[in-house]
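The values are calculated or read from the model by the stated rules, or taken from the named source; none is laboratory data. Just so we're clear, the structure is a prediction, and the values are computed from it rather than from any experiment. As a convention, Cβ positions derive from the backbone with ideal geometry for all residues, glycine included, and neighbour counts pool all protein chains shown.
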Amino acid sequence: MKLISIVGHSGSGKTTLIEKLLPLLNAAGLKVATIKHTHHRVPLDTPGKDSWRFKQAGAVASMLVTPQALQLVADMSAPHDPVLLAQRYFSDVDLVLAESFSQADCSKIEVLRAACFTAPRSSEGLIALVTDVAAVHAHLPHFALDDVDGIVKFILSQVRG
């Protein structure tokens, strides 16, 4: 399993890029999972429902399973490391696209849009840029903001070696 984090400043288009990449990566035969990081507090369970009650009673994790899907709510005591999360929960996929783990120790593609910010957010682990800023990290592959096919080919070369 390969993990690539899509990083960039707020509003740069990270989520939109991942959304465009997924159907093409699936069409290329990859089984892809995503992990999103946010600093915002998000309700992950419905108060009063069984899994919420289990967590309130002291379970470190609670999983809700339906015929079509599952939802896991678990305590996080360790740092939010996308590599460890991917290994733990997504060992059966070909690729994990993580979003917004700019400080993580993994391969990263940065979305850098001049309208948002002209300095990159990341440098460690950076393998490519999706950008309209030509003069940044000239030694790395650069892709236009709308070059989804080129980005998919690049990611496939990273996954398939």
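If F90 satisfies all but one of (1) without any contact (Cβ under 8 Å) to a residue 24 or more places away in the chain; (2) of a type in the set (A, V, I, L, M, F, W, C); (3) farther than 20 Å from K14 by Cα, what's the number of the condition it fails?
Status for F90: all satisfied but (1).
So is I6 of a type in the set (A, V, I, L, M, F, W, C), touching a Lys or Arg at 6+ places or on another chain (Cβ under 6 Å), within 26 Å of T131 (Cβ to Cβ) and at pLDDT 95 or above or not?
It is true that I6 is of a type in the set (A, V, I, L, M, F, W, C), touching a Lys or Arg at 6+ places or on another chain (Cβ under 6 Å), within 26 Å of T131 (Cβ to Cβ) and at pLDDT 95 or above.
Just to be sure before I move on: is E99 in contact (Cβ under 8 Å) with a residue 60 or more places away in the chain, of a type outside the set (A, V, I, L, M, F, W, C), in contact with a Ser or Thr (Cβ under 6 Å, 6 or more places away or on another chain) and under 17 Å from S12 (Cβ atoms) in the structure I sent?
No; evaluated as a whole, the condition is false for this residue.
Within the stretch 148-159, does at least one residue satisfy the condition of being assigned to a loop (DSSP other than H, G, I, E, B), more than 23 Å from A104 (Cα to Cα) and among the acidic types (D, E)?
no
Can you pull out every residue in the stretch 141-154 that is surrounded by fewer than 16 Cβ atoms within 10 Å (Cβ to Cβ) and free of Cβ contacts under 8 Å to residues at least 60 places away in the same chain?
P141, A144, D146, D147, G150, K153 - these are the residues of the stretch 141-154 that are surrounded by fewer than 16 Cβ atoms within 10 Å (Cβ to Cβ) and free of Cβ contacts under 8 Å to residues at least 60 places away in the same chain.
Part of a loop (DSSP other than H, G, I, E, B), over 20 Å from the mean Cα position of the chain (by Cα) and under 13 Å from G8 (Cβ atoms): is that true of A134 in this structure?
no
To keep it simple, each residue is scored yes or no on (1) under 16 Å from the mean Cα position of the chain (by Cα); (2) not hydrophobic (A, V, I, L, M, F, W, C).
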| site | (1), (2) |
| --- | --- |
| L3 | yes, no |
| T15 | yes, yes |
| H37 | yes, yes |
| A57 | no, no |
| S62 | no, yes |
| A69 | no, no |
| V83 | yes, no |
| R88 | yes, yes |
| V96 | yes, no |
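Select the strands (runs of 3 or more DSSP E) contained entirely in the stretch 1-95, then report the ones holding at least 2 residues which are under 25 Å from G125 (Cβ atoms) and either touching a strand residue (DSSP E or B) at 6+ places or on another chain (Cβ under 8 Å) or not assigned by TED's automatic domain parsing to the domain that holds P120 (or both).
Counting at least 2 such residues, we get 2-8, 32-36.
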